[in-house]
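Shown next, in structure tokens, is the structure this report addresses.
The values are calculated or read from the model by the stated rules, or taken from the named source; none is laboratory data. Since the model is a prediction, treat every value here as computed from it, not as a measurement. Cβ placement follows ideal geometry from the backbone for every residue including glycine, while neighbour counts extend to all protein chains displayed. All accessible areas refer to the heavy atoms of the entire protein, side chains included, with ligands and DNA or RNA removed. Shrake-Rupley method; radii C 1.70, N 1.55, O 1.52, S 1.80 Å.
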Amino acid sequence: MDDIEQLPIIQLEASDAADGLKLSTEANWNQTEADWEFFLTRGTVFGIRDRKGTVVATAALLPYTGTDAWVSMV
């Protein structure tokens, strides 16, 4: 088996909303650009970009209550 290319996990920013939307559309998720902006400004969103700079994976953590959080956009 060939070595699998290692790509860094990065924290996405509010300016990455359009890139998140492209991934959502490709994956047939129902998020809108406003949803991405909400998660990127109110929560923590991690992502992986391929060598071309395209967002190819995400995971979001959004505070829900004092002790709970919502994990989504995976």
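State which residue is least open to solvent (accessible area, probe 1.4 Å) when the search covers only region 31-58 and only residues that are farther than 20 Å from A69 by Cα and without any contact (Cβ under 8 Å) to a residue 24 or more places away in the chain. Going through the qualifying residues, I end up with G53. Mind listing whichever residues of region 59-71 are open to solvent by 20 Å² or more (accessible area, probe 1.4 Å) and in contact with a Leu (Cβ under 9 Å, 6 or more places away or on another chain)? Those that are open to solvent by 20 Å² or more (accessible area, probe 1.4 Å) and in contact with a Leu (Cβ under 9 Å, 6 or more places away or on another chain): A69, W70, V71. Considering the chain, the qualifying strands (runs of 3 or more DSSP E), each wholly inside and each with 1 or more residues that are touching a helix residue (DSSP H, G or I) at 6+ places or on another chain (Cβ under 6 Å), run over 44-49, 55-63.
Does A14 satisfy being within 13 Å of the chain's Cα centre (by Cα) and open to solvent by less than 70 Å² (accessible area, probe 1.4 Å)? Yes, satisfied.
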